[in-house]
Amino acid sequence: MSNAAKTTPDMITDITLAEYAQAADPRMRAVLASLIKHLHAFAKDVNLKPDELLQAAEFLTWGGKISDEKRHEFILMSDTLGLTMLVETMADDLPEGAFEPSVLGPFYREGSPWIEHFDTISRGENDGVPCLVEGKVTHLDGTPVAGAELDIWQTNNNGLYENVDPDQPDYNLRGRLKTREDGSYSFWTVRPEAYPIPIDGPVGALLEAGGRHNMRPAHIHFIVSAPGLKTVVSEIFDAEDKWLSGDAVFGVKDSLKVTFTAADEPETAAQHNKPNPFVRMTYNFRLVEGERAKVSFSTGATKRAAG
């Protein structure tokens, strides 16, 4: 009979850590060591069973199967677990008063058409209530930033982004424009509306298991960038939306709430060939010095019928 000591859970953790300590890159070595420690600690904490581990593997496999060029389930999963906002907040070294980041989400699509001031990004027939969005991009001290780039996207009133809706025109409710010399910007869109995130995949099962809803409050996405200034990926929310508390992806911050107001301005509406009344939204973006970064993720688009 062998006198060897029985293998314990802690021994497995120590052996695993020792093996991965051979990683050549210091950052990778540190990340893997922490991941293993926390992953093993989690399994011990909940006394994870073999069948539960297999269920978890199937759950992740499901996420891979449902993901494609226009839908990234794992980004959405990270969002709904609060991990995305945690990481964004940890990386947020911005001073008080600066434009704050929020989630990119899984529906960003690069290459949106450039527009001129007072152009519209609404290219569909029934996207929603027309909305005039205006404001300025400035430094923290209020100095205007000329030539700052705004990359904008949102859903239509059906709660769908154009990349997942073949009935919408290509790049509908997406656009890019640059600020004027005084830092100002202006464009037409539609008033955003609350919408449900997809629940036909593992994220839906996760939300149901957690007793959570799948609604996002009304918002417009922005990426604001300029040379020599820190790029900010964020969203602007309708301050009156009922889903602000309990956002499915935890993206709401107080500084990102703004009031959309009814505007009865016949002359303005006529000048821009819009119905009256319409809706106005004003927001000023305040940036700080830093790196102008490019967003590395982009979704694809649903194929549309020719013609």
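The values are calculated or read from the model by the stated rules, or taken from the named source; none is laboratory data. Computed from a predicted model, the values in this text were never measured in an experiment. With ideal geometry, Cβ positions are generated from the backbone for all residues, glycine too; neighbour counts draw on all protein chains shown. Quick note on the areas: whole protein, heavy atoms, side chains included, nothing else; ligands and nucleic acids left out. Shrake-Rupley method; radii C 1.70, N 1.55, O 1.52, S 1.80 Å.
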(message) Relative contact order for the chain: what percent, with Cα pairs under 8 Å and sequence separation of 6 or more?
(response) 22
(request) For the chain, set up a Gaussian network in which alpha carbons nearer than 10 Å are linked by springs, and say which option among 49, 242, 37 fluctuates the most. (result) 37
(request) Translational diffusion coefficient, Stokes-Einstein: compute it for segment 47-134 using the Kirkwood radius over C-alpha pairs as Rh, at 20 °C and 1.002 mPa s, and state it as an integer in µm² s⁻¹. (result) 124
(request) Using Cα positions and a limit of under 14 Å, work out the aspartates and glutamates in reach of residue 274, with same-chain residues fewer than 8 apart set aside. (result) 119, 125, 127, 264, 265
(request) Please determine, in degrees from 0 to 90 and to the nearest 10, the orientation of helix 9-20 with respect to the longest principal axis defined by the Cα atoms of the chain, where the helix direction is its Cα long axis. (result) 70
(request) In whole angstrom, note down how far apart the Cα centers of segment 18-81 and segment 227-288 are. (result) 36
(message) Averaging over every viewing direction, what projected area does the convex hull of the Cα atoms of the chain cover, in nm²?
(response) 21.1
(request) For segment 34-169, calculate the relative contact order in percent as a whole number, restricting contacts to Cα pairs under 8 Å that are 6 or more residues apart. (result) 18
(request) Would you look at the GNM of the chain, springs on alpha carbons closer than 10 Å, and say which of 35, 173, 76 moves the most? (result) 35
(request) Could you tell me which of rounded, prolate or oblate describes segment 80-217, using a ≥ b ≥ c as the square roots of the eigenvalues of the alpha-carbon gyration tensor, with rounded for a/c under 1.5 and, failing that, prolate when a/b is larger than b/c and oblate otherwise? (result) oblate
(request) Calculate, in nm to one decimal, what residue 212 and residue 3 gain on full extension: separation in residues at 0.36 nm each, minus their alpha carbon distance. (result) 70.1 nm
(request) May I ask you to compute the full-extension gain from residue 157 to residue 292, defined as 0.36 nm times their residue separation minus their alpha-carbon distance, rounded to one decimal in nm? (result) 45.4 nm
(message) With the cut-off at 1.5 for a/c, could you classify segment 160-307 from its C-alpha gyration tensor as rounded, prolate or oblate?
(response) rounded
(message) Run the reach check for residue 253 against lysines, Cα to Cα strictly under 21 Å, same-chain hits fewer than 8 apart removed. What comes back?
(response) 136, 230, 242
(message) Using the basic label-point model (7 angstrom from Cα toward the beta carbon), what is the residue 270 to residue 59 distance in nanometres?
(response) 6.1
(request) Specify whether the C-alpha gyration tensor of segment 174-242 places it in the rounded, prolate or oblate class, a ≥ b ≥ c being the square roots of the eigenvalues: rounded for a/c under 1.5, otherwise prolate if a/b is larger than b/c and oblate if not. (result) prolate
(message) In segment 47-75, whose amide N lies under 20 Å from the spot 7 Å out along Cα-to-Cβ of residue 16? List them in ranges.
(response) 47-61
(request) Express the accessible area of the chain per residue in Å², computed with a 1.4 Å probe while the remaining protein chains stay in the model. (result) 54
(message) What is the percent carbon and sulfur in the accessible area of the chain, measuring with a 1.4 Å probe over the protein chains and ignoring ligands?
(response) 55
